[in-house]
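The values are calculated or read from the model by the stated rules, or taken from the named source; none is laboratory data. Since the structure is predicted, the reported quantities are computational estimates derived from the model, not experimental observations. Cβ: placed from backbone, ideal geometry, glycine included. Neighbour counts: every protein chain shown. For accessibility, only protein heavy atoms count, side chains too; no ligands or nucleic acids. Shrake-Rupley method; radii C 1.70, N 1.55, O 1.52, S 1.80 Å.
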Amino acid sequence: MTQFVDGILNISPTLAALLIFALVFAEDAFFLGFVIPGETAAILGGVLASHGRLPLWLVIVLVVVAAITGDTVGYEVGRFFGPAIMRLRIVARKDRQVTKARELLRRRGGTAVFSAASRRSSALSCPLWQGWRACPTCGS
């Protein structure tokens, strides 16, 4: 474990900044948070900043910009590819849940999106659902 932490602390600052941005962005844009949560990258960025490897302000800017742009891209992915995604066999098997989610978004809009953020699986797919639903009150 010590070698792993030492390896992370000794990567180049440029590579570290790119990885932090990419991981946070990918979590929100492509739903990779199930595998590698963007929060992990943000925490590692904070550790690097505490060791003087990156300026803290840069880590904050990277995380915020990556999260915002990732959400925006996730929304657009849902808007353009949502109908095709909903036709996938794995999603079609969950038709009852999909119907309930669509109805909840129709009725509650942004409130439903805000409350979904408290659940990890819902929060990860929120931008996709918003885009697919073309939710005017809860999109980017």
Rank by packing, highest mean first: peptides 95-108, 71-84, 48-61, with packing defined as the count of other Cβ atoms within 10 Å averaged across residues. 71-84, 48-61, 95-108
Per residue, how much accessible area does segment 43-101 show when a 1.4 Å probe rolls over the protein heavy atoms, in square angstrom? 67 Å²
Taking all protein chains in place and a 1.4 Å probe, what share, in percent, of the accessible surface of segment 1-83 do carbon and sulfur account for? 77 percent
Normalised by the residues of segment 1-108, what does the relative contact order come to in percent, with Cα pairs under 8 Å and at least six apart? 27 percent
